[in-house]
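Notes follow the structure.
The values are calculated or read from the model by the stated rules, or taken from the named source; none is laboratory data. Bear in mind the structure is a predicted one, so any value in this text is a computation, not a measurement. Neighbour counts run over all protein chains shown; Cβ positions are idealised from the backbone, glycine included.
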Amino acid sequence: MELTITRPDDWHLHLRDGHLLQAVVSHSANHFGRGIVMPNLKPPITTTSAAVAYRETILKAVPASSDFTPLMTLYLTDTTTPQEIKLARKSGVIFAVKLYPAGATTNSQDGVTDLFGKCLPVLEEMVEQNMPLLVHGEVTDPSVDVFDREKVFIDTVLQPLIQRLPQLKVVMEHITTMDAARFVESCKEGTVAATVTPQHLVLNRNALFQGGLQPHNYCLPILKREIHRQAIVSSVTSGNKRFFLGTDSAPHERRGKECSCGCAGIYNAPVALSLYAKVFEEAGALDKLEAFTSFNGPDFYGLPRNKSKIKLTKNLWRVPESFAFSLGEIIPMFAGETLEWQASFI
Ligand code: DOR
Ligand code: ZN
């Protein structure tokens, strides 16, 4: 079996910098036309000038054979100014602003401590500039159970935010629960949307403990119960335009994952398209795959759909055990396992 689809984009991607960037960028550039690049570097990308410089660094690392385009984002802090949002829009290369609640995940310590108290003028300017807010949707209160943090965020932050600024474009990133899927479905199409990762479509929380602790399946928001996975699969494969592809591919060097306090993040860029195709095939919805991978994202962002195509072939292929690079190695999702769908350029 073979499918030809419009070249997909990745609406949530961690490319990192330095040696790690060099090691991973081709895996995304080989399959995707564009990627919304997350700003959680050390230090974070909080200004337009930093984003412009980071974009140049990425473009230098993209293989010459690829025309992959990085779409840059700004990291929202308590001190981001409305003027910075104007500058970002004017730059023509920044397409969104990312909200990390301070302490929610990797490199989020400079994130927002009080969205309504500190960021309202910036959010109002984002409405003016039609600049989407990308949300890491988890509360950070340590007394809230880690499996409930997404739902509590919806009730205490997202719902009030949308009520207060109904015109703000919001993407709830990497949704993991039935609650998030239902919430996004209840919002206005074209104003609120969600990205969905491969791991939250194919794994449930058992994968964290299968045969022992599995650090390479640890990401944030953490994998949830099977009923949540099923709910997300059914939302995504229903053809609803509010859902689109965002891998959250988040590479870490192996020693940063396999240690006493391992980092959150799953490196899925090499396997993402293969897994999305599997999910849509199993749901009997291969006819809806292309909208999810290639249409709903650009339509939401008001960008043109890609013109080129890629081929997905039902071929067995083996995921490499690891990718070696100058500082060590990166273990991909499903390392060493056999997958069914293989993506290639036409
Ligand atoms: O698992 C994750 N890894 N979740 C995030 O939100 C950040 C990411 C990273 O940067 O490693
Ligand atoms: Zn992410």
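Brief remarks on what is shown
- Residue match in the range 113-120 (condition: within 20 Å of ILE85 (Cβ to Cβ), at pLDDT 95 or above and hydroxyl-bearing (Ser, Thr, Tyr)): yes
- Restricting attention to the range 54-105, the residues that are part of a loop (DSSP other than H, G, I, E, B), surrounded by 19 or more Cβ atoms within 10 Å (Cβ to Cβ) and either modelled with pLDDT under 95 or within 16 Å of ligand 2 (Cβ to nearest atom) (or both) add up to 4.
- Within the range 17-34, none of the residues are farther than 20 Å from ALA324 by Cα and within 16 Å of ligand 1 (Cβ to nearest atom).
- Residue under evaluation ASP148, criteria (1) crowded, with 22+ Cβ neighbours inside 10 Å; (2) more than 23 Å from TYR267 (Cβ to Cβ); (3) charged (D, E, K, R), criterion not met: (1)
- Residue count for the range 191-211, restricted to those that are surrounded by fewer than 23 Cβ atoms within 10 Å (Cβ to Cβ) and closer than 19 Å to PRO332 by Cβ: 6
- Sole residue being within 28 Å of HIS19 (Cβ to Cβ) and at pLDDT 95 or above, chosen from THR247, THR237: THR247
- Considering the conditions (1) outside any loop (DSSP other than H, G, I, E, B); (2) exposed (fewer than 15 other Cβ atoms within 10 Å of the Cβ); (3) within 16 Å of ligand 2 (Cβ to nearest atom), LEU20 is excluded by exactly one of them, (2).
- Flag for MET172 being modelled with pLDDT of 95 or more, more than 16 Å from ligand 1 (Cβ to nearest atom) and closer than 25 Å to ARG34 by Cα: no
- Residue that is surrounded by the fewest Cβ atoms within 10 Å (Cβ to Cβ) [pool: residues in the range 224-269 that are within 16 Å of ligand 2 (Cβ to nearest atom) and of a type in the set (Ser, Thr, Tyr)]: TYR267
- Residue match in the range 4-16 (condition: more than 16 Å from ligand 1 (Cβ to nearest atom) and under 13 Å from the mean Cα position of the chain (by Cα)): yes
- Any hit, the range 302-317, residues being farther than 27 Å from THR105 by Cβ, surrounded by 23 or more Cβ atoms within 10 Å (Cβ to Cβ), at pLDDT 95 or above and not polar (S, T, N, Q): yes
- Of the criteria (1) more than 16 Å from ligand 1 (Cβ to nearest atom); (2) assigned to a helix (DSSP H, G or I); (3) in contact (Cβ under 8 Å) with a residue 40 or more places away in the chain, which one PHE147 fails: (1)
- Among the helices (runs of 4 or more DSSP H) confined to the range 175-284, the ones with at least 3 residues that are touching a helix residue (DSSP H, G or I) at 6+ places or on another chain (Cβ under 6 Å) and touching a residue at least 60 places away in the same chain (Cβ under 8 Å) are located at 198-202, 272-282.
- Hits in the range 246-272 (condition: more than 12 Å from MET333 (Cβ to Cβ) and within 15 Å of the chain's Cα centre (by Cα)): GLY246, ALA264
- In this structure, ALA102 does satisfy being closer than 19 Å to HIS174 by Cβ, more than 16 Å from the chain's Cα centre (by Cα), within 16 Å of ligand 1 (Cβ to nearest atom) and of a type in the set (A, V, I, L, M).
- Restricted to the range 292-346, and to residues there that are of a type in the set (Lys, Arg) and not in a strand (DSSP E or B), the residue that is farthest from the chain's Cα centre (by Cα) is LYS307.
- Qualifying residues in the range 27-50 (those that are more than 17 Å from the chain's Cα centre (by Cα) and part of a helix (DSSP H, G or I)) - the one nearest to ligand 2 (Cβ to nearest atom): ALA50
- For ASN30, the conditions (1) surrounded by fewer than 21 Cβ atoms within 10 Å (Cβ to Cβ); (2) of a type outside the set (Phe, Trp, Tyr); (3) closer than 24 Å to HIS136 by Cβ all hold with the exception of (3).
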